Amino acid sequence: MTTETTHTSTDTLLGAAGITKAFGPHTAVDHVDLALGPGIVGVLGPNGAGKTTLLRILATVLAPDRGALSLLGLDPAHPKARTEVRRRLGYLPQSPRLYGGFTPLEMVDYVAILKEQTDAGRRRREAVAVLEAVGLGDAMHKRIRTLSGGMQQRVALASALVGAPDLLVLDEPATGLDPEQRIALRSVLAETSHRGCVVLSTHNTAEVAALCQQVLVMDRGRICWSGTPTELAAEADGRVWESDVEEPTALRSWLTGPGTRRHLGTLPEGAAPAVPTVDDGYLLVTRLTR
Amino acid sequence: MTQTWHADEETLRAWADGSAATVLAASLEAHLLRCDECRRRTATLAPPTSGSDSVRRWDALADRIDRPRSRPLLRLGLATPGLRTAWLASILLLLTLPVLASVLDVRLPVFMALAPVAPLAAVALTYGRDAEPAGELALATPTAGLRVVAARAALVAVSAVPVGTGVALLVGLPTAVAFGWLLPGAALASLVALAGTTRLEPAVVAATLGSVWAVAVSWPAASRRLPADVVTHLVASAPAQLTALVVALTAIALTIARRDSVAYRRTA
């Protein structure tokens with residue numbers, strides 16, 4: 001189990017040392033250290049683990065109480081550096097709350113204005129390109145309020161993508177997307193990850209397995225595990241088995257089908273170990289750190 | 001307008017491959033800007049090779065159709081109903097106030113009590129929760145914070161100042177009064193902007209400041225302790241105007257110095 005990944009300082013796009021953020025007596029993010037290079041990083045964790053607060057800090061919308069942060073080699077505590085980071089940043093908040101009177105094209109164009117793009121023609125071409133990339137090519141002239149929840153989510157995603165950011169911070173980007181749209185999302189994010197860093201939070205372990213080169217597991221404000229999805233699954237190697245009865249000695253048991261139960265813990269004698277999944281690894285890691 | 005005429009395929013093809021005569025190309029282009037049907041048919045013609053003249057033409061046409069109609073400052077300032085309400089309310093107040101003041105007998109105190117409240121209310125409304133079309137997403141952009149607030153305040157000021165002073169002069173208010181509300185208005189609005197950099201709620205600060213100002217200016221006249229115009233002339237006097245200028249400049253300087261907290265403040 002490691003809490004840091006090894007990258008040379010030259011390819012660290014996102015670094016954090018001891019960042020902490022408290023809301024009153026509740027410490028939402030507690031001494032988090034990060035060193036991330038290019039690629040897609042998934043942040044997993046139960047509700048209230050501090051994922052959203054961590055992502056808001058990384059997106060420069062929230063200042064940490066303590067700790068040092070380095071985004072794209074710049075320190076966002078300084079106003080000029082923060083503005084510079086924001087020029088190269090795309091952010092998708094957990095609940096975007098976009099104004100429904102705009103069309104998707106107007107919204108993305110508006111966000112491009114906020115991102116200091118002054119050339120109207122170039123803005124339009126880029127807005128059309130990102131809307132097409134998220135599958136909204138046919139809906140770009142409809143009012144946002146008339147679109148479904150999943151489509152509205154994709155308008156926000158397109159707004160985050162506009163301007164080809166080097167750092168993408170996405171809070172649950174797959175919420176409201178159907179399986180086909182999730183697959184489309186993967187290819188959009190893969191493109192950004194070639195040149196920059198994508199940090200996304202999710203509840204979906206299957207998504208992490210399919211999409212991310214690295215996983216961070218957060219629990220109660222801390223990063224309790226980090227590694228690759230394969231390593232996370234391997235945590236449960238030899239510690240997961242299936243049977244059709246309840247196992248009182250198991251750390252955790254759940255139904256996987258009619259009459260079939262999956263168990264995590266010390267393998268009982270005679271039981272055959274099952275092939276572990278990222279889900280198993282995640283459940284084991286969060287259970288063991290409690 | 002209902003479209004009845006549509007271009008035939010040969011004409012569309014000639015336009016698309018760049019072989020149409022200049023006059024025909026120009027008039028067809030004008031038609032395509034308005035006609036969905038012909039655009040759709042042009043799009044289904046044989047796909048043009050990339051880099052060709054028709055690709056360039058098609059891009060230019062799409063540019064003109066999709067390009068947002070308003071300028072960036074207007075889109076920043078008047079995009080949402082909340083922002084439009086702020087702008088419209090301040091303009092309407094400044095339009096009707098001088099007229100109302102000249103019709104009513106207590107004309108000057110009413111005008112001086114309420115005119116400076118217009119810019120103050122407009123600034124407070126631009127801080128409103130629903131004012132920002134892109135919501136939290138906007139906070140992670142380089143323009144977030146004071147730049148966006150300042151652009152919106154400037155837009156209100158640019159339209160409110162000529163309206164407020166122009167109408168006041170038109171209905172025959174004294175010049176000193178017609179211009180006298182500007183600096184107090186700027187001072188009050190700057191104080192609200194400064195409140196935006198603290199934990200105080202700008203709307204509450206605006207309501208408090210506005211009420212205190214309105215009561216302070218109109219109360220002596222209403223209670224008949226002083227002649228109606230004394231307070232108004234006092235506000236329009238050089239020392240009072242200078243004080244307002246100092247307050248406005250100080251508040252603006254402090255707001256700029258504390259600009260970081262504008263973007264961070266509203267997200268905690």
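The values are calculated or read from the model by the stated rules, or taken from the named source; none is laboratory data. These numbers come from a predicted model, not from an experiment. Here Cβ is always computed from backbone atoms with ideal geometry, including for glycine, and neighbour counts include all displayed protein chains.
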(message) Can you tell me which residue is surrounded by the most Cβ atoms within 10 Å (Cβ to Cβ) among those in segment B:175-208 that are part of a loop (DSSP other than H, G, I, E, B) and touching a residue at least 12 places away in the same chain (Cβ under 8 Å)?
(response) B:W181
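Can you name every one of the strands (runs of 3 or more DSSP E) wholly within segment A:196-249 that holds 3 or more residues which are out of contact with any Lys or Arg (no Cβ under 8 Å at 6 or more places or on another chain)?
Where strands (runs of 3 or more DSSP E) fall fully within segment A:196-249 and carry at least 3 residues being out of contact with any Lys or Arg (no Cβ under 8 Å at 6 or more places or on another chain), they are A:197-201, A:214-219, A:222-227.
Within segment A:269-283, identify whether any single residue is surrounded by 10 or more Cβ atoms within 10 Å (Cβ to Cβ), within 27 Å of the chain's Cα centre (by Cα), part of a helix (DSSP H, G or I) and hydrophobic (A, V, I, L, M, F, W, C), and answer yes or no. So that I can check it myself, show each step before the final result.
Pass one, segment A:269-283, residues surrounded by 10 or more Cβ atoms within 10 Å (Cβ to Cβ): A:271, A:273-274, A:276-283.
Now narrow it down to the ones that are within 27 Å of the chain's Cα centre (by Cα): A:276-283.
Subset that is part of a helix (DSSP H, G or I): A:278-283.
Retained after the next criterion (residues that are hydrophobic (A, V, I, L, M, F, W, C)): A:278, A:283.
So far as segment A:269-283 goes, yes, one or more of its residues are surrounded by 10 or more Cβ atoms within 10 Å (Cβ to Cβ), within 27 Å of the chain's Cα centre (by Cα), part of a helix (DSSP H, G or I) and hydrophobic (A, V, I, L, M, F, W, C).
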(message) So B:S211 passes all but one of these: (1) in contact with a helix residue (DSSP H, G or I) (Cβ under 6 Å, 6 or more places away or on another chain); (2) hydroxyl-bearing (S, T, Y); (3) part of a helix (DSSP H, G or I); (4) over 15 Å from B:P98 (Cβ atoms). Which condition number does it fail?
(response) (1)
(message) Out of the residues in segment A:43-55 meeting the condition of being aliphatic (A, V, I, L, M) and either crowded, with 24+ Cβ neighbours inside 10 Å or in a helix (DSSP H, G or I) (or both), tell me which one is nearest to the other protein chains (Cβ to nearest Cβ).
(response) A:L55
(request) With the condition kept exactly as written, say whether any residue in segment A:104-112 is more than 10 Å from every other protein chain (Cβ to nearest Cβ) and either part of a helix (DSSP H, G or I) or modelled with pLDDT of 90 or more (or both). (result) yes
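Scanning for something assigned by TED's automatic domain parsing to the domain that holds A:I183, aliphatic (A, V, I, L, M), over 22 Å from A:A35 (Cβ atoms) and out of contact with any Asp or Glu (no Cβ under 6 Å at 6 or more places or on another chain), does segment A:269-277 turn up at least one residue? So that I can check it myself, show each step before the final result.
We begin by selecting, within segment A:269-277, every residue assigned by TED's automatic domain parsing to the domain that holds A:I183; these are none.
Taking every residue of segment A:269-277 in turn, none turns out to be assigned by TED's automatic domain parsing to the domain that holds A:I183, aliphatic (A, V, I, L, M), over 22 Å from A:A35 (Cβ atoms) and out of contact with any Asp or Glu (no Cβ under 6 Å at 6 or more places or on another chain).
Conditions (1) part of a helix (DSSP H, G or I); (2) outside the structural domain of A:V169 (by TED's automatic domain parsing); (3) surrounded by fewer than 24 Cβ atoms within 10 Å (Cβ to Cβ), marked per residue:
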residue	(1), (2), (3)
A:A17	no, no, yes
A:V29	no, no, no
A:I57	yes, no, no
A:T60	no, no, no
A:A77	no, no, yes
A:A81	yes, no, yes
A:F102	no, yes, yes
(request) Kindly indicate the residue of segment A:114-160 that is surrounded by 14 or more Cβ atoms within 10 Å (Cβ to Cβ) and β-branched (V, I, T) and also nearest to the other protein chains (Cβ to nearest Cβ) among those meeting that condition. (result) A:V128
